[in-house]
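In what follows, a structure is listed as structure tokens, so that the remarks can point back to it.
The values are calculated or read from the model by the stated rules, or taken from the named source; none is laboratory data. What you are looking at is a predicted structure, and each value in this text was computed from that prediction instead of being measured. A quick note on method: Cβ atoms are made from the backbone with ideal geometry, for glycine too, and the neighbour counts reach across all protein chains shown. Ligands, DNA and RNA are excluded from the accessible area calculation, which covers all protein heavy atoms including side chains. Shrake-Rupley method; radii C 1.70, N 1.55, O 1.52, S 1.80 Å.
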Amino acid sequence: MNFRVVLFIIISIFFTISSLGQSKSQLEKKRKQLQEEIKETQNLLFKSKKEAETLLSELDDLTKIISVRSRLIRTIDEEAEVLSEAIAKNEKEINSLEKNLSVLKKDYANMVVSSYKSKNKQSRLLFLLSSESFTQAYKRLQYIKQYATYRKQQGEQIKISANKLSVLTDSLRNKEDEKRLLIALHTQQKDSIGREKNTQVRLVGKVKAKERKYISQIKSKQAEERKIDRQVDKIIAAAIAKSNKGTGKKASSGFHLTPENKKLANNLVANKGKLPWPVKKGLIIRKFGTQKHPTMPGITINSSGIHIATEKGAKARAIFKGKVLSIQLQSGRKKMVLIQHGNYITAYKNLDDVLVKLGDNVDTGVEIGTIHTDAINGKTVLIFSFMKEIQPQNPESWIGKLL
């Protein structure tokens, strides 16, 4: 077999393994992220104290973890499938290499025997002297040299193929071990989700028995959130009107920005998708916009921001530098802080105490206040909103990934 052909085969195998490795690496990263999300969900959400009063909250939490665990199982299955494909390719490549190696060894053995029969200098000399012309003698000398070189190349090819075979065999064993571990993890997650779904069925039955009560609670909370949103809109509208006072511009045109504030807003936009989270550690438990309630069929909820569960005693942090526009008192003596970043506003709601003052200039990451912990369900949740003028934006589009 030509040396270049062997080299081409080895390079092809290398790139095939590399491409599979990248795909597996991505799936492995995703699996670890989902495992971490399950861990965070268990740490941050499952803290209910009084079942009678936290039944709906507990069902929501269970629905959340079942959803994450289902994604984890799908990822494990995808990872196992990639491994199965890699194992099949490895086995095929090993078979091919073994056949090629067998041919190389057979050719090499024949060369060794042939070389042994004509190894003495006299036979080589006679081979040259029996030439009919000088040209033929020269060609025979070149043949002897090429034969020796070819024999050396064959020996090197055997070493390369043997080494590659050894690497592929080790890789195959590792992949088979990985697949066994993934199968075990799949079984473990299936068992967990089975238990959680049984609990979910039990909780759904209890919730249905008090469905009217829970629907009333949901509607009441939504009404409270809409009231806060209207309050925020009024504060921002007043700030816009104040910024335009004496400029001749209408409030409908938005904030009149100084060059400094315009630069601040441009810097904020330039960092879209990379801004830090408003908490050090957290998990989004309600997304932005109109959505179905996770556990109550037929009920739609609307959120002008995102709800982030975090640790007890956690502090809300400014996601970008700006100026404290307003500090408002909410129901239950909870507080809300609005920070202006040019013509953008961020709102940090559900705070127990506030660590900044009205008019303060704050830097990115500055602690704004301590997030409230619900005495009944034990959860610590920050409600975070992001607006351009009075238009709500999806905060997840602006902040980077935490998990």
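Does segment 347-363 include one or more residues that are touching a Pro at 6+ places or on another chain (Cβ under 8 Å) and under 27 Å from Gly289 (Cβ atoms)? Write out each step before concluding.
We begin by selecting, within segment 347-363, every residue touching a Pro at 6+ places or on another chain (Cβ under 8 Å); these are 348.
Still in the running and under 27 Å from Gly289 (Cβ atoms): 348.
Taking every residue of segment 347-363 in turn, at least one turns out to be touching a Pro at 6+ places or on another chain (Cβ under 8 Å) and under 27 Å from Gly289 (Cβ atoms).
Scan the strands (runs of 3 or more DSSP E) fully inside segment 242-318 and keep the ones with 3 or more residues being closer than 23 Å to His341 by Cα.
305-310, 315-317
Which residues, taken from segment 329-341, are surrounded by 15 or more Cβ atoms within 10 Å (Cβ to Cβ) and either in contact with a Ser or Thr (Cβ under 6 Å, 6 or more places away or on another chain) or over 21 Å from Phe288 (Cβ atoms) (or both)? Before you say what the answer is, go through the steps one by one.
Residues of segment 329-341 that are surrounded by 15 or more Cβ atoms within 10 Å (Cβ to Cβ), as a first pass: 330, 334-341.
Matches in segment 329-341: Lys335, Leu338, Ile339.
Please pick out the residue among Met336, Met387 that is more than 29 Å from the chain's Cα centre (by Cα) and part of a strand (DSSP E or B).
The unique qualifying residue is Met336.
Yes or no: Lys250 out of contact with any Gly (no Cβ under 7 Å at 6 or more places or on another chain) and either without any contact (Cβ under 8 Å) to a residue 40 or more places away in the chain or exposed (fewer than 13 other Cβ atoms within 10 Å of the Cβ) (or both)? Quick ask: steps written out before the conclusion?
On the way: out of contact with any Gly (no Cβ under 7 Å at 6 or more places or on another chain): yes; either without any contact (Cβ under 8 Å) to a residue 40 or more places away in the chain or exposed (fewer than 13 other Cβ atoms within 10 Å of the Cβ) (or both): yes.
Yes: the conditions hold for Lys250.
Lys287 fails exactly one of the following numbered conditions: (1) surrounded by fewer than 13 Cβ atoms within 10 Å (Cβ to Cβ); (2) within 27 Å of the chain's Cα centre (by Cα). What is the number of that condition?
(1)
I'd like the residue in segment 355-392 that is of a type in the set (S, T, N, Q) and in contact (Cβ under 8 Å) with a residue 24 or more places away in the chain and, out of all such residues, is surrounded by the fewest Cβ atoms within 10 Å (Cβ to Cβ).
Taking segment 355-392 and keeping what is of a type in the set (S, T, N, Q), we get 361, 364, 370, 373, 377, 380, 385, 391.
Adding the requirement that they be in contact (Cβ under 8 Å) with a residue 24 or more places away in the chain leaves 361, 364, 370, 373, 377, 380, 385.
Details: Asn361: 11, Thr364: 14, Thr370: 18, Thr373: 18, Asn377: 20, Thr380: 22, Ser385: 22.
Residue satisfying both the conditions and the ranking: Asn361.
What about Gly369, is it small (Gly, Ala, Ser) and either closer than 13 Å to Val232 by Cα or modelled with pLDDT of 95 or more (or both)? Before the answer, list the steps.
Details: small (Gly, Ala, Ser): yes; either closer than 13 Å to Val232 by Cα or modelled with pLDDT of 95 or more (or both): yes.
Yes; evaluated as a whole, the condition is true for this residue.
Could you tell me how many of the residues in segment 253-284 are over 30 Å from Ile371 (Cβ atoms), open to solvent by 50 Å² or more (accessible area, probe 1.4 Å) and either hydrophobic (A, V, I, L, M, F, W, C) or at pLDDT below 90 (or both)?
Of the residues in that region, 1 qualify.
Do we have Ile299 as under 31 Å from the mean Cα position of the chain (by Cα), open to solvent by 20 Å² or more (accessible area, probe 1.4 Å) and under 22 Å from Lys227 (Cα atoms) here? Walk me through it before giving the result.
Working: under 31 Å from the mean Cα position of the chain (by Cα): yes; open to solvent by 20 Å² or more (accessible area, probe 1.4 Å): yes; under 22 Å from Lys227 (Cα atoms): yes.
Taking the combined requirement at face value, the residue satisfies it.
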